[in-house]
Amino acid sequence: MQTSDLIKNWLEQLQASGYRVTEPRRAIVELVATADHALSPIEIYDSGRREYPRLGLVTVYRTLERLEELGLVQRVHSPDGCHRYLRAFEGHQHLLICTRCGRVEMFAGDDLDPLARRVEQATGYQVEEHWLQLFGVCPLCHA
Ligand SMILES: [Zn+2]
Ligand SMILES: [Zn+2]
């Protein structure tokens, strides 16, 4: 999907869910839909305010929550304990996230089955899914 279609699609879904699309909310959608890296609410707030000085941090959090409920964005965790938000992707993904700039790569390869078996044996659980995020420093940041 092209970026402009993606933004239009997200705004339509927000509206369909009973959410009024105001200019500040549109700015938030544009930022998150087009970003190639995971953004913190504060980063979204700072960038959004350049265009809409009256944008509030509460609006940023609420809009992100709503986008997350709609399955359009995913929350990613950082080792520093703060959350960042990233466009949701189709299908099962493994994420690699730069702790300095928030850049995100997907990677394939799933050697987790043996681990899941061991955990099942040790705990009696039936493991059904996993969510894998690795953190590191990207080539641009450690160059
Ligand atoms: Zn980086
Ligand atoms: Zn996997």
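Bear in mind these aren't lab numbers, they're just calculated from the coordinates by the rules spelled out. Here the structure is a predicted model, which is why all the values come from computation and not from measurement. So basically every Cβ, Gly included, is an ideal-geometry build from the backbone, and we count neighbours across all protein chains shown.
Within the stretch 1-51, which trypsin sites (Lys or Arg not before Pro) sit in a loop by DSSP and count at most 13 neighbouring Cβ atoms inside 10 Å?
Working: sites: K8, R20, R25, R26, R49, R50; in loops: R20.
Those that pass, being in a loop and sparsely packed, are R20.
Near H77, within a Cβ-to-Cβ distance under 14 Å, what is the net charge of the other residues, with Lys and Arg +1 and Asp and Glu -1?
On the way: positive: R75, R84; negative: E68, D80.
Once positives and negatives cancel, what remains is 0.
Hey, can you grab everything whose amide H is under 5 Å from the amide H of L132? Only 5+ residues off in sequence or another chain; H modelled, so Pro and N-termini drop out.
Result for L132 returns L95.
Which Cα, out of C141, H94, G109, lies furthest along the positive dipole direction of the stretch 94-142 (beta carbon charges, K/R +1, D/E -1)?
Checked the options; the winner is C141.
What is the fewest-to-most order of E128, E120 by other Cβ atoms lying within 10 Å of their Cβ? The partial results should precede the final answer.
Values: E128 6, E120 12.
Arranged by neighbour count, lowest to highest, E128, E120 become E128, E120.
Go ahead and set up a Gaussian network model of the chain, Cα springs under 10 Å, then flag whichever of D46, D111, D36 fluctuates most.
D111
Taking every pair of alpha-carbon atoms in the chain, what share in percent sits in each 5 Å bin, from 0 to the bin with the longest distance?
2, 9, 17, 17, 18, 14, 10, 6, 4, 2, 1, 0
Starting at the first residue of the stretch 111-123, write each ³J(HN,Hα) from the Karplus equation 6.51 cos²θ - 1.76 cosθ + 1.60 with θ = phi - 60°, in whole Hz, x for Gly and Pro.
Result, rounded to whole Hz: 9, 8, 4, x, 5, 4, 4, 4, 5, 4, 5, 6, 10.
Considering only E43, E90, E30, give the residue with the highest GNM mean-square fluctuation for the chain, with springs between Cα atoms whenever their separation is below 10 Å.
Of E43, E90, E30, the most mobile in the Gaussian network model is E90.
Give the order of C82, C98 when sorted by the count of other beta carbons within 10 angstrom, beginning with the fewest. Mind dumping the intermediate values first?
Numbers: C82 10, C98 19.
Fewest-to-most Cβ neighbours within 10 Å comes out as C82, C98.
Find the percent of Cα-Cα distances in the stretch 3-87 that exceed 19 Å, and round it to a whole number.
Details: 1096 of 3570 pairs.
Value for the stretch 3-87: 31 percent of Cα pairs lie more than 19 Å apart.
Could you pull out the chymotrypsin sites (Phe, Trp or Tyr not before Pro) across the stretch 57-128 that fall in loop regions by DSSP (anything but H, G, I, E, B) with no more than 13 other Cβ atoms inside 10 Å? Write out the running numbers ahead of the final one.
Details: sites: Y61, Y85, F89, F107, Y125; in loops: F89, Y125.
For chymotrypsin sites (Phe, Trp or Tyr not before Pro) across the stretch 57-128 that sit outside H, G, I, E and B with at most 13 neighbouring Cβ atoms in 10 Å, the list reads F89, Y125.
Sticking with the crude label model, points 7 Å out along Cα→Cβ, report the distance from Q15 to E68 in nm, one decimal please.
In this crude label model, Q15 to E68 measures out at 2.6 nm.
With springs only between Cα atoms under 10 Å apart, run a GNM on the chain and tell me which of T22, T59, T99 wobbles the most.
T22
Rounded to the nearest whole Å³, what is the per residue volume of the convex hull around the Cα atoms of the stretch 72-143?
Details: hull volume 9.0 nm³, N = 72.
About 125 Å³ per residue, rounded to a whole number.
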